[in-house]
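Quick note: the coordinates plus some simple rules give every number you see, no bench work behind them. All of these numbers come straight from a predicted model, not from anything done at the bench. So basically every Cβ, Gly included, is an ideal-geometry build from the backbone, and we count neighbours across all protein chains shown.
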Amino acid sequence: MNQKTLECTEVSKNFGSIAALHNVNLSLPEGKIIGLLGPNGSGKTTLIKLICGLLTPCEGSISICGHEPGPESKAIVSYLPERSYLPDWMTVLDCLDFFRDFYEDFDYEKAVGMLENLKVPAKARMKTLSKGTKEKVQLVLVMSRRARLYLLDEPIGGVDPAARDYILNTILRNYDENATVLISTHLIADIEMVLDEFIFLQNGQVVSYASTDSLREDLGKSIDTYFREVFRC
Amino acid sequence: MLGKLIKHDFKSLSRMLVPMQVIILGATIIATAMFSFNLRSDSGSLLTGTGFDLLRIISAFMSVLMLLAIIAASILVAVVIFYRFYKSFMSDEGYLTFTLPVKSSELLWSKLICAIIWSLISGIVIFLSLNIFILFGTSSTSFVNLEFYKVTAKFISDTNNMFGNALVLPIIEFVLMVFASITYTILHIYLALIIGGAVARKHKLAAGIGFYFVINIIVGILSTVLQFMMMPRLAANLSLMDGQNLEGGQILTSLISQMQPYVLLSLGMSIVFSVVFFMASNYLIKNKLNLD
């Protein structure tokens, strides 16, 4: 399998006169958990939105397992946005039905099991749930798919530390050898242990892309320490 | 996938619109009861006595209130349809809508089809509620009033005897026009909301309303120009008819045939503009999506 899970070639995105991403080249292999790290406003969310087809690049091209962003790529990309995107009148079970209808790779039983473990009330309407519980529901939906590429934008920001551990374990356990997980966050210390590789973004450009092991072996540093050095204010 | 989209869109609309239709029918029944009560008390065939006037005032007031409720509920149907569209395409829900593995055109088709179906349902409910009122609320002497239907039936059979097949074409055209204009209106508002969402960073809804009028003006200018070009021809044909000494039925059939180009033009324009609106909407949500 030579085909890369994600291939970004000279991708640029401007909002008016502001360049959010400039000439980004990335080639992500399958079977890795990769951190997308960078300070606020560095273009993490823009990059993720481009990959999942919510934005179109001004220049360059993106390919997910050989597909341009479109219906084919959306069927194999599981995207968790950094906001609540489920209609608030739906119950949790409605949301599960919705995902089962639209995503062939959605594992309904698995989702029900995860919701039970996280003690989410399945019959409650979304609008009655707390912000953290909503995040859990979304994460359960997204991780219950057998996707090729998971895009997790700030997945653990709003949940308590206990749920955070469960979620990270879930991500670890779900990660089979074909799938790649791209996690954007600035809570680096919390997720550092699960990352195989990391990408540093700054001002819309890739500053470094390396494996966690090589950083530890060559420089003897953790990503968190390295991040603080690179992005010192 | 289109079927699944329609299923879910229809479900999310029905959640609010079904109760609304029930309210319309319920309000109709109450208003009808109040109205017939008033009619009968006017004719003096019912109760008399003290406190009775107050009851009459209340019932009159209630029937007006119910009538207003029916009108408000039918306007609300449109509001709900476009609010759901806005939520699903422009709000945070857009993150879900636009990452579904479907084509952008399928998203639009689903929204359009559901809106047309609900417009028709709402039209049928209003028709039903009018008929309930005519049947049970317009007679002071009997429970049901069939007078209106007898007159209508006679009118239809008379017209049919007089003109016969000449009326088939205009009726078909009328039905087509109704469908075309419902579709046109829905797509007009969808496009306005989409442009508003794509252009504005804040106040997307307000921008959408603004673009509704902008589109309106552009379409207005184009159709006025086209109609102006057709007018001399129509006028010439009509003045030709003037000298022909036609009788009753013949005047109508002749008029219908003279109006044909005009009717077809306006039907054609609705269709062409609908197609343009759809394609523009599709292009924008495919390429210029601008979610918060």
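Using helices alone, what [θ] at 222 nm do you get for chain A, with -39,500 (n - 2.57) per DSSP H run of 4 or more residues, divided over all residues and rounded to the nearest 500?
Values: 8 runs with 72 residues, N = 233.
The helix contribution divided over chain A gives -8500 deg cm²/dmol.
For the pair region B:200-214 and region B:67-137, the centres of their Cα atoms are 20 angstrom apart.
Legend: ranking of residues A:TRP89, B:TRP109 from fewest to most surrounding C-beta atoms inside 10 Å; resulting order A:TRP89, B:TRP109.
Considering only alpha-carbon pairs that sit under 8 angstrom and 6 or more positions apart, the relative contact order computed for chain B is 23 percent. Which one of B:SER105, B:ALA72, A:LEU182 is farthest out on the positive end of the charge dipole of the protein assembly as shown, using unit charges on Cβ (Lys, Arg +1; Asp, Glu -1) and the Cα centre as origin? The Cα lying farthest towards the positive end belongs to B:ALA72.
By DSSP, the beta bridges lying fully in the protein assembly as shown are antiparallel in about 55 percent of cases.
Partner aspartates and glutamates whose Cα lies under 12 Å from the Cα of A:LYS221, excluding those fewer than 8 positions away in the same chain, are identified as A:GLU192, A:ASP213, A:GLU229. Within a 10 angstrom radius of the beta carbon, how do B:ILE156, A:ILE34 rank from fewest other beta carbons to most? Result, fewest neighbours first: B:ILE156, A:ILE34. Among beta bridges from DSSP that stay inside region A:6-230, the antiparallel ones total about 55%. Within a straight-line Cα-Cα reach of under 23 Å, B:LYS103 can be paired with the following lysines, leaving aside sequence neighbours fewer than 8 residues apart in one chain: A:LYS13, A:LYS49, A:LYS74, B:LYS4, B:LYS7, B:LYS11, B:LYS87, B:LYS111, B:LYS286, B:LYS288.
Summing -39500 (n - 2.57) over the DSSP H runs of n ≥ 4 in chain B and dividing by its residue number, what mean residue ellipticity at 222 nm do you reach, to the nearest 500 deg cm²/dmol?
On the way: 8 runs with 246 residues, N = 292.
After summing the helix terms and dividing by the residues of chain B, the value is -30500 deg cm²/dmol.
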